[in-house]
Structures are given as C-alpha cells and as structure tokens.
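I have placed the structure first, in the form of structure tokens, so that the comments after it can refer back to it.
The values are calculated or read from the model by the stated rules, or taken from the named source; none is laboratory data. Computed from a prediction, not measured in an experiment: that's the story for all the values here. When we count neighbours, we look across all protein chains shown, and the Cβ atoms used for this are built from the backbone with ideal geometry, even at glycine. Only protein heavy atoms, including side chains, enter the accessible area calculation; ligands, DNA and RNA are left aside. Shrake-Rupley method; radii C 1.70, N 1.55, O 1.52, S 1.80 Å.
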Amino acid sequence: TVMAAPMTNDQSCFFAQALGVSFLKCLLINAYHSTDFEVHRNWLALTHSLPVPQWYYEAMSEWTLDYPPLFAWFEYGLSHIAWFFDKEMLVVQNLNYASPATILFQRLSVIVADVVFFYAVKECCKCLREDKGKDLLGKPSFILTVLLLWNFGLLIVDHIHFQYNGFLFGVLLLSIARHFQNRHFEGALLFSVLFNLKHIYLYIAPAYGIYLLRCFCFTQSNAEVSGFSVVRLVTLGTIVLSTFAVSFGPFIGQLPQVLSRLFPFKRGLCHAYWAPNIWALYNIADKAFSILGVKFKLLDINKLPKASMTGGLVQEFQHSVLPSVSPLATLVCTLLSILPALFRIWHRPNGARGFLCCLVICALGSFMFGWHVHEKAILMAILPLSLLAVESREEARIFLILSITGHYSLFPLLFTTQELPIKIFLMLLFTIFSLISLKTLFRKGGALLNPLEATYLLGLIPLELICEFVYPLTVWQKTFPFLPLMLTSVYCALGVTYAFIRLYISLLTCSDSTKKIKTQ
C-alpha cells in the first residue's frame with residue numbers, strides 16, 4: 001500500500017490560512033450587500049427561467065445581463081443549486097428578492113467559488129524561489145499567500161459589497177502561474193476563458209498578445225522570421241477562437257445586442273463615485289477653473305452646462321471649461337499609456353517577469369485613462385503586483401503605495417455605519433502586515449518608503465476622520481453631499497498616478513535578470 005505523503009509545514013500553513021479566511025467570510029454573510037447582490041440574483045433568475053435567446057434581451061429589471069456568455073452559463077449552473085435553497089429567487093418578476101435562504105446561497109456561492117483562487121495562489125507560490133531556513137516573515141511564499149488570500153479589497157468587494165472577483169482573479173493568477181511554469185498553451189486557454197467570463201480583462205489582453213507572440217511564437221531570443229513558429233501561433237489562435245466559439249456560439253444571431261450590453265458607451269466618463277484616476281483630476285481641474293472663471297467674471301454662470309459632475313449620477317455630461325472627453329479620446333489615451341511597456345517587452349523581453357510587469361502597467365493604464373472605470377478595477381493591478389512585491393525592493397515600495405491608496409479608495413463602497421469598524425479594522429490589519437512583512441523581507445536597504453511617500457500615506461488618516469466623522473456634522477453636508485467622495489477620489493488619484501509613474505520607471509530601467517521569481 002502507498003501511504004499519502006505527510007503535509008509539510010508550508011502546506012499546513014497554507015491550508016490554515018485558507019480555512020481562516022473562509023471562516024472570516026462566513027462571519028460576513030449577514031453584512032450589508034450592495035445592488036450587485038440583486039444584479040446577480042436577477043441573472044440567476046433570468047438564466048434559469050428564460051430561453052437562451054432571451055437572456056440578453058430581458059429588461060424587466062434595470063440590472064440587465066451585461067457580462068460575457070461564459071459568465072451567464074456560470075450563473076445558469078449556479079441557478080440549479082439555488083433551486084434547492086429557495087425557488088422564489090429564480091422568478092424573474094421577484095425584483096429585489098432577498099430572503100434569508102437567498103442571502104445564504106449567494107454568499108456561500110462566492111465563498112465556494114474562491115476555491116479556484118486558493119488553488120491559483122498555491123500555484124503562484126510555487127513560482128517563487130525560496131530561501132531555505134528563514135523565519136515566516138522572511139519567506140516570500142508566506143508573505144505572498146497572506147497578501148493574496150487576505151487581500152483587503154477582495155474581502156470587502158466580494159464578501160460585503162458582493163461580487164465574484166475572487167473566482168475571476170483565481171483564473172487570472174492561475175494563467176500567470178502557467179506562463180511562469182512555461183505551460184503557455186494552458187496560460188492562453190485560461191486567459192481566453194477569463195475574458196469570456198468578464199470582459200474587463202480586455203484591459204490586459206495586449207500584454208498577453210505581445211508576450212506570447214514575442215517570447216513563445218518566436219523561438220529564438222532575437223525576433224527573426226526564421227525563428228518564428230507558425231505551429232505555435234496557429235495553436236494559440238485555435239485555442240482562443242474555440243473558447244469564443246463555445247462562449248458566443250449560442251448567441252451568434254444576436255451579436256450586436258450582446259455587444260451593446262457589454263460595451264454601454266452611453267454611460268458617462270466617470271462612474272457614480274469617481275475612480276481615483278486621471279479623469280478625477282481632470283474633473284476637479286475643470287471645476288476649479290469654472291469657479292475661478294465665474295469669480296473673476298471671465299465666465300457667464302448662466303452659460304455653463306447644467307449637468308453636475310458632482311451629483312453622483314451615472315450620466316453623460318459636458319465639462320465647463322476644459323474640453324469634454326469622448327470614449328474615443330479615452331481609448332487613444334489608454335493605448336498611448338501602455339504602448340511604451342508593450343514596446344519594452346517586445347524589444348527587450350524579460351521572460352515571464354517582464355510580462356507580469358507589463359500586465360500590471362496595462363491594468364493600471366486602463367484604470368487611469370479608461371472610459372467609465374469602476375473603482376474596483378484597481379484590484380486588477382494590486383493583486384498581480386503582489387507577486388512582484390515579494391521579489392523586488394522597488395516593486396515592494398510601489399505595491400505599498402498602490403495597495404494602501406487603492407484599497408482606501410474602496411471605502412465609499414461600504415457607507416453603512418455597522419460596516420465602518422469592519423472596513424477600518426481589516427484595512428489596518430492588511431496594511432500593517434504589508435508594511436512589516438515587506439520591510440522585513442528587504443531589511444538590508446533601509447526604509448522602503450521615503451519621507452514624502454510616508455507623509456502622503458499618513459494623510460489618509462485625517463482624510464478619513466474628516467470624511468467619516470467631521471464633515472457629516474457640518475452645514476455643507478446637505479448642500480454638497482458629494483464633497484467627501486470627491487476629496488477621497490482626488491487624494492487617492494494622486495497616489496495611484498504616482499505609483500503608475502514609478503512602475504513605468506521600474507520597467508524601463510530594470511535589468512533583464514530575474515531575481516526571486518523563477519520560470520520552471
């Protein structure tokens with residue numbers, strides 16, 4: 001008989017963390033949930049109750065199906081389990097239905113789907129080259145496990161606010177791990193599946209395309225035609241096209257309708273709460289210019305556009321002084337922001353590490369300049385950057401700035417009083433661990449953050465005190481209710497922009513040698 005190998009200390013530690021974080025998620029089952037809870041309940045109902053051709057036409061609820069078909073099939077699969085919890089949640093007409101059994105099922109579905117994320121984190125840890133005999137805080141794999149499994153953003157967005165990001169990021173991280181393990185066909189398949197689950201990952205598709213073409217289809221280090229593998233290119237193309245065929249095949253006759261749902265350009269430049277990006281700074285600059293213009297009688301107040309940028313509504317609006325921004329303009333700005341990174345990994349490829357750095361830049365560039373960006377999209381940069389943070393001192397520094405700023409920018413998602421201590425406690429816990437562990441890992445080079453960076457991050461404390469405790473007591477609360485959101489967005493936009501610039505400098509100046517992340 002063959003005995004099962006005993007678990008190592010590292011494996012025991014990993015499973016203990018996975019169980020611990022799952023227990024915490026269970027404690028949050030009855031916490032506040034956002035309208036996204038009803039969005040996914042409605043999708044369960046319509047995929048279960050309606051014929052497939054009607055899925056992307058159904059509009060009884062305002063929360064219409066606007067994810068790609070593979071995610072619709074995922075909801076369809078979940079709906080058959082939901083039937084055993086409460087059949088009423090699967091009735092399309094039952095808008096805003098949230099029975100205790102419905103809440104329990106939907107919360108548990110997110111927690112169970114996170115198994116994919118756990119497996120992906122385990123695979124990512126295998127891609128790290130360990131230094132034997134170090135204590136826990138000196139082990140990159142332990143630090144990475146905590147940074148990913150206990151990620152503050154994922155915990156509040158998925159398990160309080162309500163979404164399935166952990167499952168989706170699990171597919172992304174597993175795809176990244178496969179490229180580090182030189183299993184490129186698997187990596188390409190996983191990304192293709194991911195894109196057909198949620199199309200926001202289009203943001204990072206350029207990094208995948210250039211990396212696979214340059215480092216996999218070209219079999220020699222110099223990109224000469226003689227070293228190009230047509231077989232590899234055709235195989236990759238077949239993988240991608242097959243995935244899209246399976247996903248979109250049943251909807252081939254209604255592609256325009258499906259695409260109009262996936263890309264709703266009639267929405268405004270910014271989401272209800274401005275994501276902390278360039279457009280938040282652009283909006284506030286326009287607002288400042290218009291106020292100064294009226295004050296110095298350079299502008300006629302009656303001729304300024306009436307649509308308010310600070311009313312918190314998802315709408316199209318005209319800027320008062322600066323040129324209004326079109327979807328095409330944001331596309332051009334996004335492409336210009338990522339082109340240098342793509343050129344870098346084409347001309348000076350640095351293997352999977354260069355690909356990962358380029359992926360983070362593509363995610364951040366799209367976040368910075370994209371159209372109608374959600375604040376939650378910052379996680380697409382923070383989570384992959386965690387892998388680089390345990391590998392390089394400079395990336396650790398960028399990670400601290402981006403994660404603290406980006407995570408704090410998610411605070412307005414949880415605006416209820418009972419969730420206030422939860423978000424502050426979890427944020428502090430994650431931030432303190434990040435600071436201590438990364439400082440311990442890179443203890444030889446002195447402080448990770450310079451005084452200016454540390455001062456900026458500490459500025460988040462008075463900002464939180466003002467927004468949560470002081471401002472609601474002032475007379476301005478009724479006149480300018482959006483001001484705390486605007487302050488948060490603009491302050492965080494400065495940190496995200498700074499991290500983006502530092503990451504670019506790191507990519508363009510780093511040597512071609514890999515450090516702790518290994519390719520197998």
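Highest mean packing first, where packing is the average number of other Cβ atoms within 10 Å per residue, the peptides 366-374, 207-215 line up as 366-374, 207-215. Modelled this way, with points 7 Å down the Cα-to-C-beta line, the labels at residue 202 and residue 324 are 2.2 nm from one another. When each of the peptides 422-434, 442-454 is scored by how many other beta carbons lie within 10 Å of its residues on average, the order from highest to lowest is 422-434, 442-454. Summarising the label geometry, the points placed 7 Å from Cα in the beta-carbon direction at residue 66 and residue 331 lie 1.8 nm from one another. Approximating the spin labels as points 7 Å out from Cα along Cα→Cβ, the residue 95-to-residue 470 distance works out to 4.2 nm. With unit charges on the beta carbon (Lys/Arg positive, Asp/Glu negative), name the residue among 118, 105, 138 whose Cα is farthest towards the positive pole of the charge dipole of region 99-140. Of 118, 105, 138, it is 138. Of the solvent-accessible surface of region 114-249, computed with a 1.4 Å probe and all protein chains present, 69% belongs to carbon and sulfur. Hydrodynamic estimate: the Kirkwood radius of region 162-218 over Cα pairs, inserted into Stokes-Einstein at 10 °C and 1.306 mPa s, corresponds to D of 138 µm²/s. Farthest toward the positive end of the dipole of the chain, out of 64, 160, 373, is the Cα of 373, where the dipole comes from beta carbon charges about the Cα centre. For the residue pairs 122/376; 87/122; 287/478; 297/376; 126/198; 423/444, alpha carbon separations beyond 29 Å are given by 87/122; 297/376; 423/444. Against the set [x] 189; [y] 204; [z] 160, the structure's computed volume of the Cα convex hull per residue in Å³ falls on [x].
Extension gain, residue 295-residue 235: 0.36 nm per intervening residue step, less the Cα-Cα distance, totals 15.2 nm.
Length available on full extension from residue 80 to residue 135: 0.36 nm per residue minus the Cα-Cα distance, which gives 15.1 nm. Placing +1 on the Cβ of every Lys and Arg and -1 on the Cβ of every Asp and Glu, with nothing else charged, gives region 31-98 a dipole about its Cα centre of roughly 160 debye. The charge dipole of the chain, taken about its Cα centre with unit charges on the Cβ of Lys, Arg, Asp and Glu (plus for the first two, minus for the last two), comes to roughly 1140 debye. Per residue, the chain exposes 44 Å² of accessible surface when a 1.4 Å probe is rolled over the protein heavy atoms with every protein chain present. Across region 58-76, the residues whose backbone nitrogen lies under 20 Å from the label position 7 Å along the beta-carbon direction of residue 252 are 68-73. Each of the peptides 137-145, 88-96 was scored by the mean count of other Cβ atoms within 10 Å over its residues; in descending order, highest first, they stand as 137-145, 88-96.
Accessible surface of region 31-98, 1.4 Å probe: 60 percent of it comes from carbon and sulfur atoms.
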